[in-house]
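Beneath this line is the structure, given in structure tokens, with notes to follow.
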Amino acid sequence: MRKIAVFTGTRAEYGLLYWIVKGLSEAVEIEFLLYVGGSHLSQKYGNTVRHIEEDGFRISERLNFLDSSDTPTGIAKSMGSALVLAAEAFQRDKPDLLVVLGDRFEVMAICQAAMLRCIPIAHIHGGETTEGLIDEAVRHSITKMSHLHFTATDAYRNRVIQLGEIPQKVFNVGAPGIDSIKSLKLIDRNALTSSLGFDVTGPFIVVTYHPVTLHKDGALIALENLLSVLATYPDLNFIITYPNADTHNQGLITALEVFKKEYCNQVLLVRSLGQLRYLSLLKHCEAVIGNSSSGLIEAPTFLKPTVNIGNRQGGRICGGTVINSDEDVPSITKALIKALSKDFREKCLSEHNPYGSGGSSERILDIIKSISLDDLVMKKFYDVKPL
């Protein structure tokens, strides 16, 4: 019986991993371990470990490593603590495979601990680019520590191979976040209004803006520009989620709280919506705006317009529902006007999502359950033939 561990450190990452976690936890031929840490265990970010518990999953290890500071030093301390706690957990549990997703700093620390113990790593969402973030370097570092790769498009698969990974170990499976859209029974507007304590029966926009970690201030000025544009729409409501636990996030949180206070009748500011409510809001909203990957990966499945601001997602594949905007007020204004226009909204209805149409989690599970783990640790560098 193979022993397989999954690590999750954020609300968004857990939502993407949900069906994989569920499939592994229900597999009789697998001993499943679930490691939970990071912002899941922080009251500041909504104590989202409760969502995992409410879903009925047994948590094997709680890795409480998140430093209270959002400075580079604080993030480095978090990574150091994560490395130590993960090393101790791996010594106790001795998993045969570790499954991780994405490009966050805590994931890299967990992977470093696994690498040192010669635990094979399966990485989801590798090969992508985000030019405005330290995540760019983190993601590719995780790729080089990993042994199985599950990418979201063929272009990303090719990039992982370009990094020297064996093609037979790199699988294009699509984006697992789409699976929840296809599988969950989403909530209607009235039920959402009751659940949120905020009216979403009328037109509203979903706003998610995270720190741009290669900016000096995390792109605080760009967020302030965005909020000034939103203030010119008195007939719209705004559902705004908290930014990630990244460097410079406190400045963004303060700006959002000031905006919420000034426009309290129009704004709901939420630490964590949970997967079901967030996807339900995407289904019913007029548009998505900010710099989150969900606007590029999940929102297109609903055929909703997305305004993607700045270069946080720079280099990521975008479908026809996405409008890329610079960070200044005129650019954001122009992009939002286009997103809300009748012509663009009608255009979105005929677009497709470049990240697939679902079934990703099932494909990942089938490979994890069946592939031999015996020869994974000894990696060889695959040289791509010159053009």
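The values are calculated or read from the model by the stated rules, or taken from the named source; none is laboratory data. Note that the structure is predicted; figures quoted are calculated from it, not measured. With ideal geometry, Cβ positions are generated from the backbone for all residues, glycine too; neighbour counts draw on all protein chains shown.
For the reader, a short list of remarks on this structure follows.
- Complete set of residues in the range 310-343 that are within 20 Å of Leu226 (Cα to Cα) and either in a helix (DSSP H, G or I) or not assigned by TED's automatic domain parsing to the domain that holds Ala219 (or both): Val329, Pro330, Ser331, Ile332, Thr333, Lys334, Ala335, Leu336, Ile337, Lys338, Ala339, Leu340
- Qualifying residues in the range 92-141 (those that are over 15 Å from the mean Cα position of the chain (by Cα) and under 21 Å from Pro211 (Cα atoms)) - the one surrounded by the fewest Cβ atoms within 10 Å (Cβ to Cβ): Ala137
- Ser69 falls short on exactly one of the conditions (1) modelled with pLDDT of 95 or more; (2) part of a loop (DSSP other than H, G, I, E, B); (3) small (Gly, Ala, Ser), and that condition is (1).
- Residue that is crowded, with 21+ Cβ neighbours inside 10 Å, in a helix (DSSP H, G or I) and touching a Phe, Trp or Tyr at 6+ places or on another chain (Cβ under 7 Å), where the choices are Ile368, Ile364: Ile364
- In summary, Val307 fulfils each of the numbered conditions (1) buried (at least 21 other Cβ atoms within 10 Å of the Cβ); (2) touching a strand residue (DSSP E or B) at 6+ places or on another chain (Cβ under 6 Å); (3) assigned to a helix (DSSP H, G or I) with the single exception of condition (3).
- Qualifying residue in the range 360-376 (condition: more than 23 Å from Ile124 (Cα to Cα) and touching a helix residue (DSSP H, G or I) at 6+ places or on another chain (Cβ under 9 Å)): no
- The lone exception for Leu85 - which of (1) aliphatic (A, V, I, L, M); (2) buried (at least 18 other Cβ atoms within 10 Å of the Cβ); (3) in contact with a helix residue (DSSP H, G or I) (Cβ under 6 Å, 6 or more places away or on another chain); (4) in a helix (DSSP H, G or I) it fails: (3)
- Selection status of Val160, under 20 Å from the mean Cα position of the chain (by Cα), crowded, with 23+ Cβ neighbours inside 10 Å, of a type outside the set (Gly, Ala, Ser) and over 24 Å from Tyr209 (Cα atoms): yes
- Every pair of residues 6+ apart whose Cβ atoms lie under 7 Å, when the first sits in the range 42-64 and is under 24 Å from Leu83 (Cβ atoms) while the second is of a type in the set (D, E, K, R) and part of a loop (DSSP other than H, G, I, E, B): Tyr45/Arg271
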